[in-house]
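Notes to accompany the following structure.
The values are calculated or read from the model by the stated rules, or taken from the named source; none is laboratory data. Keep in mind it's a predicted model, so treat the numbers as computed, not measured. Counting neighbours? That spans all protein chains shown, and the Cβs are built from the backbone with ideal geometry, glycine included. Keep in mind that these areas ignore ligands, DNA and RNA; they rest on the heavy atoms of the full protein, side chains included. Shrake-Rupley method; radii C 1.70, N 1.55, O 1.52, S 1.80 Å.
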Amino acid sequence: MSVDLATVKRVARLARIAVSEEEANRMVGELNGILGFVEQLSEVDVSGVEAMTSVTPMDMKKRADVVNDGNKAADVVANAPITDHNFFLVPKVVE
């Protein structure tokens, strides 16, 4: 995959970045260098490598996946001006 001048200008326009002609020409080479490096990474055989979450071996802390209401309903509406049974009360806007 390679990037041409038109692609650099289009991406700069989409990102709302002002790029001069000289900067755009320089970016073509830089972006092609980055993409070349990424393509080199795809050549590495990682089929026997286990995925890592950290550079040091450790077990991830996990919590039980339990559905609950959080027991925080009263805390959520504590600063509301008007509530009713842990629900916000708002003025009627539709007649």
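Observations on the model:
- With θ taken as phi - 60° and the Karplus curve 6.51 cos²θ - 1.76 cosθ + 1.60 applied, the whole-hertz 3J(HN,Hα) list for the range 77-85 is 9, 4, 9, 6, x, 9, 9, 8, 6 Hz, x standing for glycine and proline.
- Heavy-atom accessible surface of the range 12-95: percent carbon and sulfur, 1.4 Å: 58
- Calculated accessible area for the chain comes out at 97 Å² per residue, all protein chains present (probe 1.4 Å; ligands, DNA, RNA ignored).
- The trypsin sites (Lys or Arg not before Pro) of the range 1-64 that meet both conditions, a loop assignment by DSSP and at most 13 other Cβ atoms within 10 Å of the site Cβ, are R16, K61, K62, R63.
- Computed lengthening from S2 to I34, 0.36 nm per intervening residue step minus Cα-Cα distance: 10.5 nm
- Straightening the chain between K9 and N79 buys 20.2 nm, computed as 0.36 nm per residue apart minus the Cα-Cα spacing.
- Cα centroid separation, the range 1-53 to the range 54-86 (Å): 40
- Correct choice for semi-axes √(5λ) of the Cα gyration tensor in Å that was computed from the model, options (1) 51, 31, 11; (2) 20, 18, 12; (3) 20, 12, 12: (1)
- Sites A64 and E21 - FRET efficiency at Förster radius 41 Å, r taken between beta-carbons, to 0.05: 0.10
- Low-density loop positions, GluC sites (Glu not before Pro), the range 16-59 - DSSP coil, at most 10 other Cβ in 10 Å: E43, E50
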